[in-house]
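The values are calculated or read from the model by the stated rules, or taken from the named source; none is laboratory data. In this text the structure is predicted, and so the values were computed from the model without any measurement. Reconstructed Cβ throughout: ideal geometry from the backbone, glycine too, with neighbour counts over all protein chains shown.
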Amino acid sequence: MRLTRTAALTEEALVAMSTRLITVAALIAAASVCHAQPSATLLWETEPQLKGPQSVAFDSVRSAIYVSNANVSPDGKGGAGFVSVLDTAGAIMTLEWVKGLRAPRGLALCLGRLYAADVTDLVEIETANPKAVKRYPGPDAQALTDVAVDRNGMVYVTDRGPKNSGVYRLAAGRFMVWVRQAEIVRPGGICASSGRIIVGLPESGDIYGIAPTRDLKQIGQVSPGITGMAGDGGSGFFVSGSAGLVSHVSHERGEQPFLELTDKGRTPADIEYVASRRMLLVATGAGNTVAAYSLVF
């Protein structure tokens with residue numbers, strides 16, 4: 001009887017151990033899938049009717065995609081920039097939805113308000129009433145470039161100006177310099193990820209994480225020429241670059257290029273990742289289009 005009970009207990013223990021091992025294996029497999037190199041399939045691309053599209057922002061409430069158009073003239077001067085609206089299938093609904101901008105670049109959406117980096121000003125647009133446009137001049141700003149919003153609704157903007165490199169923040173109606181340190185040299189792409197603000201330096205490819213306390217830490221390095229960044233919905237992020245590549249970056253695997261856009265001038269500008277749809281939106285700059293890709297990890 002004692003031997004039988006011992007055998008039974010051993011069998012139960014083995015079953016429990018086996019179950020735990022299977023669970024752990026499943027978790028490891030899920031983690032490796034999450035951080036595996038993504039593959040991209042083209043869903044659609046707009047007609048080349050946009051004018052130097054720089055950035056994209058997805059609006060799940062209105063089922064719309066906003067696109068900033070720098071529309072810079074051949075002499076390099078701005079003043080004719082605008083924002084377009086697409087539907088989720090890539091059709092251009094309104095080409096010049098909001099006009100009168102200088103040369104808008106980065107975009108970010110938060111609680112019905114679209115934010116655009118427009119040279120020296122942060123522009124706020126009410127999506128329900130696009131005629132309601134508010135400007136926040138950046139003190140000493142020279143070249144506001146990209147925009148990100150954190151989970152608390154605060155807006156962050158990079159300034160690539162050669163004299164006043166840094167990151168601005170809009171909080172409680174005030175648009176002020178948030179970080180200006182020697183390490184942050186002419187920052188470009190920016191995104192919010194894992195409770196930090198992630199900033200990319202195009203010239204070096206250095207990636208910095210900035211904590212809410214404004215403590216700075218270099219968290220990696222990617223290929224130089226960063227043109228855009230977007231969080232992946234987890235702890236990693238995507239980076240687009242002037243060499244025509246879009247990469248996924250994670251702590252475990254580093255930089256993993258998975259999409260190349262170099263034909264017909266379709267070099268990627270800024271990007272947006274819609275985690276709920278596993279969809280990557282890419283503004284192609286001189287290609288005058290926006291393309292959408294389905295991602296599989």
Open item on the list: For region 112-126, check the following and say yes or no: at least one residue is touching a residue at least 12 places away in the same chain (Cβ under 8 Å) and hydroxyl-bearing (Ser, Thr, Tyr).
Closed with: yes
Open item on the list: Here is a check on your reading of the model: is residue 249 in a strand (DSSP E or B), touching a residue at least 24 places away in the same chain (Cβ under 8 Å) and either surrounded by fewer than 19 Cβ atoms within 10 Å (Cβ to Cβ) or touching a His at 6+ places or on another chain (Cβ under 7 Å) (or both)?
Closed with: no
TODO: Quickly run through region 226-237 and pick out the residues that are among the polar types (S, T, N, Q) and either buried (at least 22 other Cβ atoms within 10 Å of the Cβ) or not assigned by TED's automatic domain parsing to the domain that holds residue 195 (or both).
DONE: 227
Open item on the list: I'd like to know if region 51-65 contains one or more residues that are free of Cβ contacts under 8 Å to residues at least 24 places away in the same chain and surrounded by fewer than 16 Cβ atoms within 10 Å (Cβ to Cβ).
Closed with: no
Task: Among the candidates 227, 213, 267, residue that is within 21 Å of residue 186 (Cβ to Cβ) and in a loop (DSSP other than H, G, I, E, B) - done: 267
Task: Qualifying residue in region 158-165 (condition: within 19 Å of residue 273 (Cα to Cα) and among the basic types (Lys, Arg)) - done: no
Open item on the list: Looking only at region 148-160, filter to residues that are part of a strand (DSSP E or B) and out of contact with any Lys or Arg (no Cβ under 8 Å at 6 or more places or on another chain); which one of those is surrounded by the most Cβ atoms within 10 Å (Cβ to Cβ)?
Closed with: 158
Open item on the list: Going through 84, 73 one at a time, which residue ends up being in contact with a strand residue (DSSP E or B) (Cβ under 8 Å, 6 or more places away or on another chain) and either among the polar types (S, T, N, Q) or modelled with pLDDT of 95 or more (or both)?
Closed with: 84
Open item on the list: From the list 284, 267, exactly one residue is of a type in the set (Ser, Thr, Tyr), more than 24 Å from residue 168 (Cα to Cα), touching a residue at least 12 places away in the same chain (Cβ under 8 Å) and out of contact with any helix residue (DSSP H, G or I) (no Cβ under 6 Å at 6 or more places or on another chain). Which is it?
Closed with: 284
- [ ] Working carefully through the options 190, 207, find the one that is in the same structural domain as residue 52 (by TED's automatic domain parsing), farther than 27 Å from residue 44 by Cα and not polar (S, T, N, Q).
- [x] 207
TODO: Assess whether residue 241 counts as being assigned by TED's automatic domain parsing to the domain that holds residue 279 and touching a residue at least 24 places away in the same chain (Cβ under 8 Å).
DONE: yes
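Residue-by-condition table, conditions (1) surrounded by fewer than 18 Cβ atoms within 10 Å (Cβ to Cβ); (2) at pLDDT 95 or above; (3) of a type in the set (A, V, I, L, M, F, W, C):
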site	(1), (2), (3)
167	no, yes, yes
195	yes, no, no
214	yes, yes, no
224	yes, yes, no
253	yes, no, no
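Would it be correct to say that residue 140 is in contact (Cβ under 8 Å) with a residue 24 or more places away in the chain, more than 17 Å from the chain's Cα centre (by Cα), assigned by TED's automatic domain parsing to the domain that holds residue 212 and more than 21 Å from residue 197 (Cα to Cα)?
yes
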- [ ] Kindly indicate whether any position in region 108-129 is part of a loop (DSSP other than H, G, I, E, B), buried (at least 16 other Cβ atoms within 10 Å of the Cβ) and not hydroxyl-bearing (Ser, Thr, Tyr).
- [x] no
Task: Qualifying positions in region 260-297 - buried (at least 19 other Cβ atoms within 10 Å of the Cβ) and among the small types (Gly, Ala, Ser) - done: 269, 283, 285, 287, 291, 292
Task: Selection count, region 198-234, where residues are more than 14 Å from residue 178 (Cβ to Cβ) and of a type in the set (Lys, Arg) - done: 1
